[in-house]
Amino acid sequence: MKIGLLGHGVVGSGVRKIIDDAGTPYTKDLQITKILVKDEWEMTDERMTMNADDILDDPDIDIVAECMGGIEPARTFLLKALKNGKHIVTSNKKMLAVSAAELFEEAGKQGKTIRYEASCGGGIPWMSSLCRTRRIDTVTSFRGIFNGTTNYILSRMADEKKSFAQMLKEAQELGYAERDPSDDIDGYDVRYKVMLSCMRAFGTIISAEDIPVCGIRHISEEDLAWADANGYVCKLIGSAEDRDDCISACVMPVFVKKTDDFANIRLNFNAIESRSGTLGSCIYVGQGAGSLPTAHAVVQDLIDIQTGQDGACDTLMRTHTVNSDHKGVYYIRTAKMTVFNEVIGRRVSETAFLTDTVSLNEISALIRTADDDSLFIAEVDE
Ligand code: HSE
């Protein structure tokens, strides 16, 4: 199979390395013939080009693998690749989360495959496992640590008592963070991954906008100290449930108990749990970010297409409703405590309190009123 690779950054260069090293009979059968790069200085190999059409219009290329990131021009390139009769593989969750409907429609028209294992959970075989699970079961819910950057920051802050800014810098240097790390620390990266996981787990497309999201940008050492003293560890958790065709999903920092399966998932590792009829609870753990783990997932998709193991299970025709609220007990630290008087269950410090079980919609309205740009909120596992 001849492959055109779009993008030669952290993930793309990992894909090139795994395939060029040709370490197994499967990878030997793959051949990258052209690579799209952004800048002149990246033209280090005769396969490199700065013109995407050299790849998209090449009749000899069977699969286009996109590892560019960002919505445009990736979306336009992949639509063109499908129209030109190529299968596509992508690691780009943001682009796929906002363009899934049109890309799947085009793929359906052309009889081509879209695979996106690397978009979610890095090297973990999460998407393909959901596909296998659904051959037998109905998936009812999933929850997980979907972001390597924030898990790295939270683990290192807790262990080393170092600042958020220092740990973010480390995560960027290790190649875990998005080009704009706001997507990681504000929870949007997890939101895209939860949306794509809903697509695979529940067989339907929900809008990412319908998923409430809170990130860890304002977490402080004080918040982590309270969690630690009270038997908790902070994790950024994405979750979703499909109950009676009503999908509710959420992205929140959560204080999980130290005995929780997720409490000891550290550094760039991700862990995702699915629940379904006969399989019950099943947890997948592995490196959720980084060049070679993520490239591994891209190459697995390429091999599946090459060997005809399409594994397509994206039946996206189901109708559903969406519940965008989320009820829970929340820890809130704010300089504007009085705004929250009606929902304070118990004060835990001068500036922090716990709610009773309340609606996130209600809390969000109060957060908007408080207009406190250093406020931190986390759900507390009971
Ligand atoms: N920035 C992402 C993360 C990369 O940290 O998880 C992998 O999707």
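The values are calculated or read from the model by the stated rules, or taken from the named source; none is laboratory data. Since this is a predicted model, take the numbers as computed values, not measurements. Neighbour counts are summed over all protein chains in view; Cβ atoms, including those assigned to glycine, are modelled from backbone coordinates with ideal geometry. Each accessible area value is taken on the protein alone, full model and side chains, heavy atoms only, with ligands, DNA and RNA left out. Shrake-Rupley method; radii C 1.70, N 1.55, O 1.52, S 1.80 Å.
Taken over segment 170-198, the residue count meeting the criterion of being among the basic types (Lys, Arg) and outside any helix (DSSP H, G or I) is 1. Residue-level check: of (1) within 16 Å of the ligand (Cβ to nearest atom); (2) modelled with pLDDT under 95; (3) buried (at least 22 other Cβ atoms within 10 Å of the Cβ), TYR192 misses just (2). Across segment 352-363, the qualifying residues are those that are in contact with an Asp or Glu (Cβ under 9 Å, 6 or more places away or on another chain) and part of a helix (DSSP H, G or I), and the one among them that is surrounded by the fewest Cβ atoms within 10 Å (Cβ to Cβ) is ASN361. Consider ALA201 against the criteria (1) open to solvent by less than 40 Å² (accessible area, probe 1.4 Å); (2) not in a helix (DSSP H, G or I): it satisfies all of them except one. Which criterion is unmet? Answer for ALA201: the failing condition is (2). Just need a number here: residues in segment 114-159 that are open to solvent by 20 Å² or more (accessible area, probe 1.4 Å) and on the phi > 0 side of the Ramachandran plot. Looking only at that region, the number is 0. When each of GLU46, GLU66, GLU40 is tested for being in contact (Cβ under 8 Å) with a residue 12 or more places away in the chain and either out of contact with any Phe, Trp or Tyr (no Cβ under 6 Å at 6 or more places or on another chain) or under 20 Å from ILE303 (Cα atoms) (or both), the lone residue that passes is GLU66. Restricted to segment 195-215, and to residues there that are more than 14 Å from GLU241 (Cα to Cα) and among the hydrophobic types (A, V, I, L, M, F, W, C), the residue that is farthest from the ligand (Cβ to nearest atom) is CYS214.
Give GLY70, GLY85, GLY108 a once-over and let me know the one that is away from the ligand (no atom under 15 Å from the Cβ), in a loop (DSSP other than H, G, I, E, B) and not assigned by TED's automatic domain parsing to the domain that holds LYS193. None of the others qualify; the one that does is GLY85. Just one of the numbered conditions (1) open to solvent by 20 Å² or more (accessible area, probe 1.4 Å); (2) within 22 Å of ALA171 (Cα to Cα) is not true of ILE219: (1). The listed residues are MET199, MET167, and the only one of them that is touching an Asp or Glu at 6+ places or on another chain (Cβ under 7 Å) and modelled with pLDDT under 95 turns out to be MET199. When segment 175-185 is filtered for residues that are modelled with pLDDT of 95 or more and either surrounded by fewer than 19 Cβ atoms within 10 Å (Cβ to Cβ) or outside the structural domain of MET252 (by TED's automatic domain parsing) (or both), only SER182 remains. Whether any residue in segment 11-20 is in contact with a Cys (Cβ under 6 Å, 6 or more places away or on another chain) and under 22 Å from LEU103 (Cα atoms) is what I want to check. Yes - at least one qualifying residue is present in segment 11-20. So for segment 17-30 (the condition being surrounded by fewer than 23 Cβ atoms within 10 Å (Cβ to Cβ) and closer than 24 Å to ASP189 by Cα), does at least one residue qualify? Within segment 17-30, none of the residues are surrounded by fewer than 23 Cβ atoms within 10 Å (Cβ to Cβ) and closer than 24 Å to ASP189 by Cα.
Listed residues GLY108, GLY85, GLY4; which is over 26 Å from VAL190 (Cβ atoms) and in contact with a strand residue (DSSP E or B) (Cβ under 8 Å, 6 or more places away or on another chain)?
GLY4
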